[in-house]
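For reference, the structure is listed below as structure tokens.
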Amino acid sequence: MATVNRPKVLLGTSNTQRALEIHRAFELQGLDGQHCSDKDAFGDLLSGPNEFKAVVVEPDEDNPDCLQFVSECIDLKAPWPVTIAILPEAQRQKMPEAVALGVDLPLLGDDVEAQELAIATAQIIERRAEEAAADSQWRLDIVTWEVIAPDAKGSVPLTFKEREFLLKLAEQPGQPVPKEEFVSLFGTTPELFDPRRLEIMVRRLRNKIREHTSCDLPLHTAYGLGYALAAPVAVVEAITPPPGVSKNRTN
């Protein structure tokens, strides 16, 4: 069966029959499962270059320190791979340790069904991917009046004019918006409008964003037409700014 574009999941368990059941459940959820029961081989797979989106570990009595071993191979607190631990009832006391190490989903119980595990794995991979996609793009918070740079590199407070300017552009990504559509922001009429006021605002906005985030807003000047966003800017509401970033607005 082709596994192109199927998220890869590494399963570590010494129970071969259990691994087969989980593997089948993974396939039904569109996951590409790979089983490894040898500790050293498992460590080599984790430590070397890999494309695993999730790692599922089921410690047994013969390998009670399995989670600690995994934490020495990969950073369990990193976004990828997602880490899931199935802890037998006999290892209930290891639940706090699993959480402290950074395991994303510690499941307690020997009776966790393969289908339940596969569904949970697929859901957490999808959620993590959505979070990563959201973090990797520009966002405009129309409630807190801020523009947030990709990958949490900072947020920038906006004036009313700047917010409305970006909002209009974000509604038409990739399409030039004529300068005339911004005249009302300056409280004047097209006949009396001085386009240099808009140009100055745009220049200050670009400089402000670059100064606060070290990133360049994907804002292009479409000469003779107006302004356009070269990349989408997601319009959101009430995004909490990163620590230390002021939410004060300016007029």
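Based on Cα contacts under 8 Å between residues 6+ apart, the range 146-220 shows a relative contact order of 32 percent. Spin-label model, residue 206/residue 47: points 7 Å from Cα along the beta carbon direction are separated by 4.9 nm.
Here the relative contact order of the range 24-92, from alpha carbon pairs under 8 Å that lie six or more residues apart, stands at 33 percent.
The stretch between residue 93 and residue 77 holds 3.7 nm of extra length on full extension. This uses 0.36 nm per residue minus the Cα-Cα distance. Computing Kirkwood radius over Cα pairs in Å directly from the structure and comparing it against (i) 18.2; (ii) 21.5; (iii) 25.8 singles out (ii). Across the range 1-127, the relative contact order, built from alpha-carbon pairs under 8 Å that are at least six residues apart, equals 25 percent.
Taking amide hydrogens as placed 1.01 Å from N in the peptide plane, the amide H of residue 235 sits under 5 Å from those of 140, each at least 5 positions away in sequence or on another chain.
Helices meeting the span-like rule in the chain (full DSSP H runs, Cα extent of at least 30 Å along the helix axis, mean Kyte-Doolittle score of -1.0 or higher): 114-135.
When the chain is treated as a GNM with alpha-carbon contacts under 10 Å, the residue of 48, 174, 102 showing the greatest mean-square fluctuation is 48. Share of carbon and sulfur in the accessible area of the chain stands at 50%, probe radius 1.4 Å.
Put simply, the amide H of residue 87, placed in the peptide plane, has neighbours under 5 Å in 107, 108, 109, leaving out anything fewer than 5 places away on its chain.
Per residue, the accessible area of the chain comes to 55 Å², computed with a 1.4 Å probe over protein heavy atoms only. Of 39/153; 153/179; 77/153; 53/94; 77/168, which pairs sit farther than 27 Å apart, going by alpha carbon to alpha carbon? Beyond 27 Å between Cα atoms: 39/153; 153/179; 77/168. Remark: spin-label model distance residue 136-residue 172 equals 2.9 nm, labels positioned 7 Å along the Cα→Cβ axis.
The values are calculated or read from the model by the stated rules, or taken from the named source; none is laboratory data. None of the values given here were measured: they were computed from a predicted structure. As a convention, Cβ positions derive from the backbone with ideal geometry for all residues, glycine included, and neighbour counts pool all protein chains shown. What goes into the accessible areas is simple: the full protein's heavy atoms, side chains included, and nothing from ligands, DNA or RNA. Shrake-Rupley method; radii C 1.70, N 1.55, O 1.52, S 1.80 Å.
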